[in-house]
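Have a look at the structure below, then the notes.
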Amino acid sequence: MLYPRMNEFRDVLDLSGFFGFKLDPDKIGEKERWQEGVEGCRDIAVPASWNEQFLDTKNYMGLAWYFKKFYLPSAWQGKLIWLRVGSANYYAKVWVNGKFIGEHEGGHLPFQFEITDKVIVGGENMIAIAVENELSPTRVPPGNIPAEDKSSSRNQLYPNVHFDFFPYSGIHRPVYLFSTPRNYIEDITVVTDIENKKGIVDYKIIKQGGDGERGYVHLVGDKVKLYKEIEFRGNLAKGRLVVEDASFWSPENPYFYELTVELCSSKGIIDRYSLSIGIRTIEVRGNKLHLNKKAIFLKGFGKHEDFPIIGRGLNHALIIKDFSLMKWIGANSFRTSHYPYSEEMMDIADKEGFLIIDEIPAVGLFFGKGTERRLTLCKQYLNELISRDKNHPSVIIWSVANEPHSTKPEAKHFFKELYQHAKNLDSSRPVTLVSMLGLKEQSLEYFDLICLNRYYGWYSEPGQLDLACHKLDQELEELHKIHRKPIILTEFGAGAIAGLHAHPPELFTEEYQAELIKRYCEVVESKPYMAGEHIWCFADFKTAQHSRRAILNRKGVFTRTREPKLAAHLLKRIWAGS
Ligand code: BDP
């Protein structure tokens, strides 16, 4: 799926700003034709979660409507017109000028509809988007799940989610209108390889519309200008460009080439689309994770999209701030725990040379009633995620789930299927599952590398770091002996309330968090098969209400508003060496 871009053939209109908003707790809106407009709306900011914008929406779980009037420029006459929603959590139904145009399930991925026949070009139009965020055991991520399927630590949460972050809801990413020519480039897939000093760029282009059987692919960098004529067979054109003496994309040198595709008819160029691409390889070799044929070690964090008031809404300033802090501390990587992050975040990661474990929103999975539906949904999420993020050099690993409660036998089949599904969609990247069961996880054999979350010294062995590190050491050794694959420790950490101190260290103090992280890093870095350490978590974040959480999960090495705790300074010394 291509991100909407402007050029002489394409236009984009960003509807971000204020929308009309109305709650519909009794779900009467559709019957009463709210899609054609309704009285009594208040203003709401988009993109942003609805929860903290008003006093009555904090814990609202139900249906809510968004409305926006917009004027379509006359210059769009004769073009195809599209509506694209960056993300809406959890379920969205969309109408244009009162006419239903489509729906989408899943809170963190974009969806778009062609609306050419439904709009007035050179006139005023209105969209209505109904967003519903109820928690259900058959949704992913799940909530309100039967007591027998609940993990004990997830008891008694309000709202009743089966995961450890606040279920922020609403339209979280921009709503765009965009135009394309009637014959247009629908999709581009780029896979790169390295042969000695050569960079290999394989491309696959899909076009739509009857016109345009040929075109050009251009690749431009500092030292090169390559182009190739392409010919479509049906809707598809494939080919290869070879860059002699290429600059490879890496954290130290996030070098881009500009790849431009042009679609041509007998009259000349009729569409164009440009992508920034990085030439790099990523693969598992024996015990190691290799970037550009050399072993790499991931240093970084699990994160969240989370900030006061805006909630999970796109926050450009926060993206820039987070990258500046991650660079300051010497990190080179992060995981999009526990759902896909904004496309804007992925773009900056490409530019800043960060390595990403890209995760679908499969958190809190359990196996019982509804497993087949959850599997179908996870496959849909993989389709959408890989289609969205496949061309980002920063994305090096796909993660199909975080901490599934996979003790039942059917979990094995479930993850075998998901692994294969991801590989069929993209065989160029390793695929993983982030496990808390470790040695008891039955499906680790399928995955290319192992990701493990561990909380010795916190949830178990509290305050006993010698014992905690001993257990960690033993478990890593055993896991490696059985699976012989690289392991990334994708979560470890301790809660610290900023400003709370104790010497000798005690739980919830900055000293204890710093000490636990230091000791874990020593264990991890002593093992040749370890491919990375991701601390949980980058910053404090809001959770559902629970007796174990004082509003926030406090495992951030930065506070929620990004002030460093003691652990941040310590990590800077470990990772950046200063
Ligand atoms: C892990 C989860 C993560 C939680 C963390 C914690 O993957 O979402 O926030 O534990 O308890 O189990 O802090």
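The values are calculated or read from the model by the stated rules, or taken from the named source; none is laboratory data. Not measured: the values here are computed from a predicted model. No Cβ is skipped: glycine too gets one built from the backbone with ideal geometry, and neighbour counts run over all protein chains shown.
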Identity of the residue in region 504-531, more than 16 Å from the ligand (Cβ to nearest atom) and of a type in the set (A, V, I, L, M), that ends up surrounded by the fewest Cβ atoms within 10 Å (Cβ to Cβ): Val523
Might you check whether a residue that is touching a helix residue (DSSP H, G or I) at 6+ places or on another chain (Cβ under 8 Å), assigned to a loop (DSSP other than H, G, I, E, B) and either among the hydroxyl-bearing types (Ser, Thr, Tyr) or touching a residue at least 60 places away in the same chain (Cβ under 8 Å) (or both) occurs anywhere in region 28-36? yes
Residues in region 41-53: is at least one farther than 27 Å from Arg139 by Cβ, surrounded by fewer than 20 Cβ atoms within 10 Å (Cβ to Cβ), within 29 Å of the chain's Cα centre (by Cα) and not assigned by TED's automatic domain parsing to the domain that holds Thr376? yes
Got a sec? Which of Asn133, Asn183, Asn160, Asn125 is farther than 21 Å from Leu83 by Cβ and polar (S, T, N, Q)? Asn160
Hits in region 321-345 - residues which are among the polar types (S, T, N, Q) and either within 16 Å of the ligand (Cβ to nearest atom) or more than 19 Å from Asn402 (Cβ to Cβ) (or both): Ser324, Asn332, Thr336, Ser337
Is it the case, given these coordinates, that Tyr341 is in the same structural domain as Tyr446 (by TED's automatic domain parsing), under 27 Å from His316 (Cβ atoms), under 10 Å from the mean Cα position of the chain (by Cα) and not hydrophobic (A, V, I, L, M, F, W, C)? yes
What number goes with the only condition from (1) of a type in the set (Gly, Ala, Ser); (2) within 16 Å of the ligand (Cβ to nearest atom); (3) surrounded by 21 or more Cβ atoms within 10 Å (Cβ to Cβ) that Ser547 does not pass? (3)
Checking Ser136 against (1) in contact (Cβ under 8 Å) with a residue 24 or more places away in the chain; (2) not in a strand (DSSP E or B), the condition it does not meet: (1)
Is at least one residue of region 172-183 among the polar types (S, T, N, Q), surrounded by fewer than 21 Cβ atoms within 10 Å (Cβ to Cβ), part of a strand (DSSP E or B) and in contact (Cβ under 8 Å) with a residue 60 or more places away in the chain? no
Of the candidates Val224, Val175, Val201, the one satisfying the condition of being within 28 Å of Leu13 (Cβ to Cβ) and β-branched (Val, Ile, Thr) is Val175
How about region 237-292: which strands (runs of 3 or more DSSP E) wholly inside it have at least 2 residues that are surrounded by 18 or more Cβ atoms within 10 Å (Cβ to Cβ) and more than 24 Å from the chain's Cα centre (by Cα)? 257-265, 268-277
Hey, among Pro174, Pro181, which residue is more than 16 Å from the ligand (Cβ to nearest atom), in contact with a Gly (Cβ under 6 Å, 6 or more places away or on another chain) and of a type outside the set (Ser, Thr, Tyr)? Pro174
Looking for something surrounded by fewer than 23 Cβ atoms within 10 Å (Cβ to Cβ), touching a Cys at 6+ places or on another chain (Cβ under 7 Å) and assigned to a helix (DSSP H, G or I) - is there at least one such residue anywhere in region 551-570? no
Among Asn315, Asn292, the single one that is of a type outside the set (Gly, Ala, Ser) and farther than 21 Å from Asp193 by Cα is Asn315
Whether any residue in region 479-497 is surrounded by fewer than 18 Cβ atoms within 10 Å (Cβ to Cβ), among the acidic types (Asp, Glu) and in the same structural domain as Phe558 (by TED's automatic domain parsing) is what I want to check. no
Inspect all residues belonging to region 134-149 and state whether any of them is among the hydrophobic types (A, V, I, L, M, F, W, C), within 14 Å of the ligand (Cβ to nearest atom) and either buried (at least 22 other Cβ atoms within 10 Å of the Cβ) or modelled with pLDDT of 95 or more (or both). no
